[in-house]
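The structure appears below as structure tokens.
The values are calculated or read from the model by the stated rules, or taken from the named source; none is laboratory data. Note that this is a predicted model, so its numbers are computed, not measured. Cβ: placed from backbone, ideal geometry, glycine included. Neighbour counts: every protein chain shown.
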Amino acid sequence: MSDHPPINPSSLVQGIIVAITAFDDVPEHLFEVQEVYEDCITGVALTGPLSGTYGEPALELVLRVVSASVEALGTD
């Protein structure tokens, strides 16, 4: 069970950067969101031992939004 409040899936969009909670032997790391689904997100790890690796973490693993890309904000 997680000790952080659940993330609101509507706050997640393509290109946004989120922090993924530590799991197994993988420390907390940054993740760029590509797609958002009802129960998970898809994208690529940006930091940590999985850097550059595609993943599909469950929404429960998203700790917080770290930053939004220009594309995610819809501005130039």
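Some points to look at:
- Across the range 25-38, the number of residues qualifying as buried (at least 17 other Cβ atoms within 10 Å of the Cβ) and over 18 Å from residue 49 (Cα atoms) comes to 1.
- Selection status of residue 56, under 23 Å from residue 5 (Cβ atoms), modelled with pLDDT under 95 and surrounded by fewer than 16 Cβ atoms within 10 Å (Cβ to Cβ): no
- Entry remark, the range 1-24: residues being at pLDDT below 95 and loosely packed, with under 14 Cβ neighbours inside 10 Å number 11 in total.
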